[in-house]
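**Student:** Structure incoming, see below.
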Amino acid sequence: MQDEKDYVKTIKLICELLQSDPTAEVILGLRESFETLSKQLRTGPFLEVFETTLSNIPFAALFSLLAAPDNRLIVTVAEVTGQLLKPVTWSMVHQTFEEYIIQGLDHPHPVVKCLVLNQFLKCEGSSDPFSSQYGPHLWMCLDGKSDSDSTKLAKQALTHLCDVGMGMDYLFAEPSLKAIRKLLSGNESQRFRIYDVMVAAVKGSDSAFELFRQEGIISAFLDEASSGDVLVSMNFYELVPALCETPVSYDYLDSAGVFSKALDCLVDAKAEDGVTGSLTRVALLKLFSRMVDAKGVDSKAFLEKYAVVREIGDILHSSESNSELISTAVNCLGAIGNNPAALEFLANEKEALKAFVSVYDTSLGHLRVECLQAIACIFGHSTTPSKEASQACYELYMQLDDGNFLMSLTKEIMKGFEESCVAGLAVIQKMVPHAWGLREISTYKNIVNFLLMRDSSRGKNAQQWQFSVIESIVRAPNAKDTFETDTFARLSQYVREGPYFVNAVAQVALKSS
């Protein structure tokens, strides 16, 4: 007769204990047995352990143990239940455990909340079965002054449900709105969890935005800008671009004066000394630079209406700007220039570009790297740049380092510092789609020779970027006609050999010496 398997013994012991009175000794036995079963589920064979467990221990019994007066037992049973639920679809979870789902969402122990919240992530679309009764209980899982595993997971679950189309039908009925209003009357952390979910719901849904407007949730959000707490204001400005996913939401925020007030605040913050003024200006610069990529915004019209590029130029030009502010201004200019329509506007902002060139020419260390990253963003605004945009990039290129940019960039790359090397190689790669860029690279032998020289002492990241530059050159439509025949052949061979190729002959020669 075949010996009884260990997991079968464990399951039998659990069944015996479940039939006993819940004494301290029984609770201890259950705890130890479930810990053993959890390990056996992990080591497998999972399907056998899974089927044997559920054939003998119903989910109802597992859920009843989640109310046990023993914290460690609750945690262990929740872990086992989570393992058993992994292959179970959302439809089956909903149909079989609706009662337990609500109990789990309201459970005081965060591990049990997380167990149930994870099940909502299995919901795949608006056609899946659901219950509007879940809504208020889900929302109340956002309650709490500080972030925790359960509040983070609740926000993730609610955001996911909005993404798959469950929002309007199930999460914003009156009982849910009542829970939302209660949370909005609480602390800053839970308010912004609500706003995060609101942003997810509004994506592509003007009806969701209109509902939030009618319910006063948008007004509550807009009030955060004038809270007087700089950290609250920063959180507010962080969310605004994500809320402008459609012209309807952008137009409403614009008519409410959100951006005109933000620009006034950016200008006024110049007079504020200290951390508060600096944090405010950084947050506002990031707001405006991110707005150019908001889906509901005409970026060129936005920049024409709000003169933030001029403010960026003033910051870069001013000797009173601190390093963090200059760094942020550089990054924001790069982000704006990475948008093709915004670049069209930026090309005419000569003073701002002149200030940026001045910062680049005098920059060192990390600021030099950030300048290079900004230049790469501008040059790389499109893989098929228009003639006008490409000309704007060329004009910037000719201003950098008094027209000697590629020469100084090559020296920067050859210094051997991986961060600046990668940033420099990224700039070169973004030059390739431009006819002028390909021409400049082909005629400067030092950069071509550097690219073709393999050096394993360079970091993996630098080697990968070196390969990416060459690959981009080889794939460029006019590269074969732009580079000398022999050079183009060597570049093509480099691509065929891959980024980390080591010449075997050279290796043998090195060893024999």
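**Student:** Looking only at the range 424-444, filter to residues that are outside any helix (DSSP H, G or I) and closer than 16 Å to Gly380 by Cα; which one of those is most open to solvent (accessible area, probe 1.4 Å)? First the steps, then the outcome.
**Tutor:** Our first condition is that a residue be outside any helix (DSSP H, G or I); within the range 424-444, this holds for 432-434, 444.
Pick out the ones that are also closer than 16 Å to Gly380 by Cα and you get 432-434.
On the way: Val432: 9, Pro433: 56, His434: 2 Å².
Residue satisfying both the conditions and the ranking: Pro433.
**Student:** Quick check: anything in the range 358-379 out of contact with any helix residue (DSSP H, G or I) (no Cβ under 9 Å at 6 or more places or on another chain) and part of a helix (DSSP H, G or I)? Break it down stepwise before answering.
**Tutor:** Of the range 358-379, the ones out of contact with any helix residue (DSSP H, G or I) (no Cβ under 9 Å at 6 or more places or on another chain) are 362, 364.
Those still in the list that are part of a helix (DSSP H, G or I) too: 362.
Among the residues of the range 358-379, at least one is out of contact with any helix residue (DSSP H, G or I) (no Cβ under 9 Å at 6 or more places or on another chain) and part of a helix (DSSP H, G or I), which makes the answer yes.
Results for (1) open to solvent by 10 Å² or more (accessible area, probe 1.4 Å); (2) touching a residue at least 24 places away in the same chain (Cβ under 8 Å); (3) under 25 Å from Asp251 (Cα atoms), shown as yes or no for each residue.
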residue	(1), (2), (3)
Met168	yes, yes, yes
Phe172	yes, yes, yes
Ser185	yes, no, no
Glu188	yes, yes, no
Val197	no, yes, yes
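**Student:** For the condition over 26 Å from the mean Cα position of the chain (by Cα), at pLDDT below 95 and open to solvent by 20 Å² or more (accessible area, probe 1.4 Å), what is the one hit in Val80, Val93, Val75? Before the answer, list the steps.
**Tutor:** Values: Val80 fails: open to solvent by 20 Å² or more (accessible area, probe 1.4 Å); Val93 fails: open to solvent by 20 Å² or more (accessible area, probe 1.4 Å).
After applying the criteria, what remains is Val75.
**Student:** In this structure, does Arg290 turn out to be closer than 18 Å to Asn339 by Cβ and open to solvent by 30 Å² or more (accessible area, probe 1.4 Å)? Quick ask: steps written out before the conclusion?
**Tutor:** Numbers: closer than 18 Å to Asn339 by Cβ: yes; open to solvent by 30 Å² or more (accessible area, probe 1.4 Å): yes.
For Arg290, the condition - closer than 18 Å to Asn339 by Cβ and open to solvent by 30 Å² or more (accessible area, probe 1.4 Å) - is met.
**Student:** So, of the residues in the range 349-373 that are at pLDDT 95 or above and polar (S, T, N, Q), which turns out to be farthest from Ile428 (Cα to Cα)?
**Tutor:** Only one residue tops the list, namely Ser358.
**Student:** Looking at the range 96-127, which of its residues are charged (D, E, K, R), under 26 Å from the mean Cα position of the chain (by Cα) and part of a helix (DSSP H, G or I)? I'd like the intermediate steps shown before the answer.
**Tutor:** Keep residues of the range 96-127 that are charged (D, E, K, R), which gives 98-99, 106, 113, 122, 124.
Pick out the ones that are also under 26 Å from the mean Cα position of the chain (by Cα) and you get 113, 122, 124.
Scanning the range 96-127 gives a single hit, Lys113.
**Student:** Say whether the condition of being assigned to a helix (DSSP H, G or I), of a type in the set (Val, Ile, Thr), surrounded by fewer than 21 Cβ atoms within 10 Å (Cβ to Cβ) and over 30 Å from the mean Cα position of the chain (by Cα) is met by at least one residue in the range 445-458. Full working, then the answer.
**Tutor:** From the range 445-458, those assigned to a helix (DSSP H, G or I) are 445-452; that's our starting set.
In the following step, the residues that additionally are of a type in the set (Val, Ile, Thr) were identified as 447-448.
Next, only the ones that are surrounded by fewer than 21 Cβ atoms within 10 Å (Cβ to Cβ) stay: 448.
Checking which are over 30 Å from the mean Cα position of the chain (by Cα) leaves us with 448.
Within the range 445-458 (the criterion being assigned to a helix (DSSP H, G or I), of a type in the set (Val, Ile, Thr), surrounded by fewer than 21 Cβ atoms within 10 Å (Cβ to Cβ) and over 30 Å from the mean Cα position of the chain (by Cα)), the answer is yes, since at least one residue qualifies.
**Student:** Can you find a residue in the range 55-62 that is free of Cβ contacts under 8 Å to residues at least 24 places away in the same chain and among the polar types (S, T, N, Q)?
**Tutor:** Yes, the range 55-62 has at least one match.
**Student:** Can I ask one more? Residue pairs, Cβ under 6 Å, 6 or more apart or interchain, first in the range 289-307 and at pLDDT 95 or above, second surrounded by 15 or more Cβ atoms within 10 Å (Cβ to Cβ) and among the hydroxyl-bearing types (Ser, Thr, Tyr). List them.
**Tutor:** Val292/Ser299; Val297/Tyr250
**Student:** Counting only residues that are assigned to a helix (DSSP H, G or I), of a type outside the set (A, V, I, L, M), farther than 19 Å from Gln95 by Cα and open to solvent by 20 Å² or more (accessible area, probe 1.4 Å), how many does the range 137-155 have? First the steps, then the outcome.
**Tutor:** Just the residues of the range 137-155 that are assigned to a helix (DSSP H, G or I), to begin with: 137-140, 149-155.
Subset that is of a type outside the set (A, V, I, L, M): 137, 139, 149-152, 155.
Restricting the remaining residues to those that are farther than 19 Å from Gln95 by Cα gives 139, 149-152, 155.
So of that shortlist, the ones also open to solvent by 20 Å² or more (accessible area, probe 1.4 Å) come out as 149, 152, 155.
Total satisfying the criteria: 3.
Condition check ((1) among the polar types (S, T, N, Q); (2) surrounded by 15 or more Cβ atoms within 10 Å (Cβ to Cβ); (3) at pLDDT 95 or above) across all residues:
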site	(1), (2), (3)
Ile375	no, yes, yes
Ile378	no, yes, yes
Leu396	no, yes, yes
Ile413	no, yes, no
Ser420	yes, yes, no
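**Student:** Also, I was wondering about something else. Within the range 225-244, restricting attention to residues that are over 12 Å from Met291 (Cα atoms) and not in a helix (DSSP H, G or I), which residue is most open to solvent (accessible area, probe 1.4 Å)? Spell out how you get there, then give the answer.
**Tutor:** Applying the first criterion (over 12 Å from Met291 (Cα atoms)) to the range 225-244 yields 225-236.
Among the residues that remain, those that are also not in a helix (DSSP H, G or I) are: 227-229.
On the way: Ser227: 58, Gly228: 81, Asp229: 64 Å².
Across the range 225-244, the extreme among qualifying residues is Gly228.
**Student:** Do we find that Ser33 is among the polar types (S, T, N, Q), surrounded by fewer than 16 Cβ atoms within 10 Å (Cβ to Cβ) and free of Cβ contacts under 8 Å to residues at least 60 places away in the same chain in this structure?
**Tutor:** Spelling it out, it is not the case that Ser33 is among the polar types (S, T, N, Q), surrounded by fewer than 16 Cβ atoms within 10 Å (Cβ to Cβ) and free of Cβ contacts under 8 Å to residues at least 60 places away in the same chain.
**Student:** Among the basic types (Lys, Arg) and open to solvent by less than 50 Å² (accessible area, probe 1.4 Å): is that true of Arg193 in this structure? If you could, list the steps in order and put the result at the bottom.
**Tutor:** Values: among the basic types (Lys, Arg): yes; open to solvent by less than 50 Å² (accessible area, probe 1.4 Å): yes.
So Arg193 fits the description; yes.
The values are calculated or read from the model by the stated rules, or taken from the named source; none is laboratory data. Treat the numbers as computed from the prediction; the structure is a model and nothing was measured. Glycine also receives a Cβ, built like all others from the backbone with ideal geometry; neighbour counts cover every protein chain displayed. Ligands, DNA and RNA are stripped out before the accessible areas are found, and what is left, the full protein with its side chains, is counted by its heavy atoms. Shrake-Rupley method; radii C 1.70, N 1.55, O 1.52, S 1.80 Å.
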